[in-house]
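Down below is the structure, laid out as structure tokens.
Computed from the coordinates by the stated procedures, all read-outs in this text should not be read as laboratory data. Given the structure is predicted, the values throughout are model-derived calculations rather than measurements. Cβ placement follows ideal geometry from the backbone for every residue including glycine, while neighbour counts extend to all protein chains displayed.
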């Protein structure tokens, strides 16, 4: 897979069970995920991303056990939890933002 540097709008480092994941968000809104990284690789990747892409590596903090409480919100092509104003990862990919907003507005008071 090849993604042109100009098409990368954000790089996120996400802990997942057994390691870490690099999420590459493209300017068109699509996100590509790469799995299988050791958790400690973020320390090496961070200066590389800054130097070669001119971006800061965003780091997500998830509760890998328990819950990620927050409000559901639509971010680009996915639905995510927002906790204290910070996005806590990408949850469900969606095809249509208006449909996602309609579906999840019913749950807004429950979370």
Ratio of alpha-carbon Rg to the 2.2 N^0.38 Å globular estimate for the stretch 3-42, to two decimals, please. 1.20
Quote the FRET efficiency, to the nearest 0.05, computed for residue 35 versus residue 10 with a Förster distance R0 of 25 Å and r equal to the Cβ-Cβ distance. 0.90
